[in-house]
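Heads up: the structure comes next, in structure tokens.
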């Protein structure tokens, strides 16, 4: 394991009665990277995130976040992280700007209005900042949710299935936000069940299956687990998602 990892997990175990959810999980997330924890529903992804964010206590093993132990230094961990769950935690009765100002004030930060305006601009929501969130699209709500998570500049952010339920265009918008976070030095650990999401975003991918990490590496390293590809001529047809994004004028590189 690398020295100074932003997130380090060793031999993590968790059971609910007779159901063992985690059976000795090991992870090491480099600072400033995007790490994808990939697995099907029920694999234990959310359980890992809850333990790392101090919402749940493991039965065995250890974990540190930003150098702090999640059990003995839980308060320090909570100061170092932000967690975005599977559903956007925004107040639909407020405007986008009011949501951001509220969180900044709850964190006792000075200049809450300026913080809100900066984040609205950063996440391409400035034009919608004065509108009630109830009028936002799914992608806009998710971007606002992530923006709220960044108030206070946490060095580590957990995104638990950030694009669940979003349409293709909204997914691309969220992907762009995640890339920007890592580009500015934030460590991102995201859970997902979407193979293409992990492939598009992650510097490193771990596959969680039946409570264990069964593969861990870069995309190139994971591809080498399979036999070498045979070269054949294949006429590649666009996927329906390719067609949809092309028709609406959006690409994975340019979400606007």
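The values are calculated or read from the model by the stated rules, or taken from the named source; none is laboratory data. This structure is a prediction, so every number in the text was calculated from the model and none was measured. Don't worry about glycine lacking a Cβ; one is built from the backbone with ideal geometry, like all the others, and counts go over all protein chains shown.
Quick notes on this one:
- Single residue of the stretch 211-233 satisfying the filter (at pLDDT 90 or above and part of a loop (DSSP other than H, G, I, E, B)) that is farthest from residue 180 (Cα to Cα): 211
- Scan of the stretch 20-36 for residues that are touching a helix residue (DSSP H, G or I) at 6+ places or on another chain (Cβ under 8 Å) and at negative phi, ordered by number: 21, 22, 25, 27, 33, 34, 36
- Set side by side, the residues 35, 87 differ, and just one is closer than 29 Å to residue 170 by Cα, under 21 Å from the mean Cα position of the chain (by Cα) and surrounded by fewer than 16 Cβ atoms within 10 Å (Cβ to Cβ), which is 87.
- Count of residues meeting criterion [at pLDDT below 75, part of a loop (DSSP other than H, G, I, E, B) and in contact with a helix residue (DSSP H, G or I) (Cβ under 9 Å, 6 or more places away or on another chain)] in the stretch 234-250: 2
- Selection within the stretch 138-160 - surrounded by fewer than 21 Cβ atoms within 10 Å (Cβ to Cβ), modelled with pLDDT under 90 and in a loop (DSSP other than H, G, I, E, B): 152, 153
- Exactly one residue out of 15, 40, 2 is farther than 25 Å from residue 195 by Cα and either at pLDDT below 95 or surrounded by 22 or more Cβ atoms within 10 Å (Cβ to Cβ) (or both), and it is 2.
- Test: residue in the stretch 37-55 that is without any contact (Cβ under 8 Å) to a residue 60 or more places away in the chain and touching a helix residue (DSSP H, G or I) at 6+ places or on another chain (Cβ under 9 Å): yes
- Only one entry of 82, 62 meets the criterion of being closer than 28 Å to residue 41 by Cβ and touching a helix residue (DSSP H, G or I) at 6+ places or on another chain (Cβ under 6 Å), and that entry is 82.
- Residues located in the stretch 45-62, provided they are closer than 21 Å to residue 162 by Cβ and part of a strand (DSSP E or B): none
- A single entry from 121, 128, 93 fulfils the requirement of being over 25 Å from residue 185 (Cβ atoms), loosely packed, with under 15 Cβ neighbours inside 10 Å and either at pLDDT below 95 or over 17 Å from the mean Cα position of the chain (by Cα) (or both): 93.
- Looking only at the stretch 63-78, and only at residues there that are under 19 Å from the mean Cα position of the chain (by Cα) and either farther than 30 Å from residue 27 by Cβ or touching a residue at least 60 places away in the same chain (Cβ under 8 Å) (or both), the one that is surrounded by the most Cβ atoms within 10 Å (Cβ to Cβ): 65
- Sole residue being on the phi < 0 side of the Ramachandran plot and either touching a residue at least 40 places away in the same chain (Cβ under 8 Å) or in contact with a strand residue (DSSP E or B) (Cβ under 6 Å, 6 or more places away or on another chain) (or both), chosen from 102, 83, 106: 83
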